1. Quick query: amide H of ASP24 versus all other amide H atoms, modeled in the peptide plane; which residues come in under 5 Å with a sequence gap of 5 or more or a different chain?
2. Put ILE16, ILE81 in order of accessible area, largest first, 1.4 Å probe: what do you get?
3. Tell me, what is the 1.4 Å probe accessible area of VAL139, in Å² to the nearest 10?
4. Simple spin-label model, 7 Å along Cα-to-Cβ: ARG33 to ARG92 in nm?
5. For ARG188 paired with ILE81, estimate the spin-label separation in nm (one decimal), with each label point 7 Å from Cα along the Cα-to-Cβ line.
6. Using a 1.4 Å probe on the protein heavy atoms only, what accessible surface does LYS36 show? Give it in Å² to the nearest 10.
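The values are calculated or read from the model by the stated rules, or taken from the named source; none is laboratory data. Since this is a predicted model, take the numbers as computed values, not measurements. So basically every Cβ, Gly included, is an ideal-geometry build from the backbone, and we count neighbours across all protein chains shown. Heads up: the accessible areas ignore ligands, DNA and RNA and are worked out on the full protein's heavy atoms, side chains in. Shrake-Rupley method; radii C 1.70, N 1.55, O 1.52, S 1.80 Å.
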Amino acid sequence: MQTQYDIDKMLICFKINGYVVFEDFTTPQKAVRIRKEHEQLLDEWLKYEHPESLPGGHIDRLNRYSIQWPWRMPFNDPEIIEHPALMEFLDRLWGTDDYLLSGIACDTSMPGSGYQNWHRDTALTFDPPYPSQYSPPRVVGARLALLDIDEVNGSTEVAPCTEFLPHPTISSSHFDARMLEEAGVPTRRVDLKKGSMFVKGTADTAPRDSQSLSKAPTLSDQHLSHS
């Protein structure tokens, strides 16, 4: 039986904070299966001397491996990517069902990986003429926790409410964390249970301490966008 969600409440929370968590979005068993399949892909990728040159993925300067998943089960499980609660949430957020899944992948932080800059994944759908006017993000990241995530293995840190600020320095894809500190913007760590879905548009950063991370993936990442 699927978990029931209060979509009205979740939309309000998203429009205020820029993110929301669907607890128990899928079963822990499905999350484990996806994680094991991904680890097989990662092991094959790491056999190459220069895996960064392979299609379907990349290694960033922080020693994080991002692999685009093939369009097959369990990665494209319709019970996850077409979950009725997620579809209703996005339909009502954007006011349309005319959007697409623009990417599905998994980032894996390797041992000794560095910190990610504070950033936003996307610009606003339009530039609000007034700061109080709401504009949804053009792209929403829906991230499935493939294991329990906390401060030990690297939960994401977010700056609530920053996603919808129209100021140009905040609207850039990367900005200096000192701006958040000087403005007194609070940040929050988002811990997740295995199988939960983290839907976000707000500014975020990679784990503050990735030194203890193994090659186990923590979050799958699917991006949905509309124009």
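1. Residues meeting the amide H criterion: SER196, MET197.
2. Working: ILE16 95, ILE81 20 Å².
The most accessible residue leads, giving ILE16, ILE81.
3. Spelled out: VAL139, probe radius 1.4 Å, area about 30 Å².
4. 2.9
5. 3.0
6. For LYS36, solvent-accessible area is about 120 Å².
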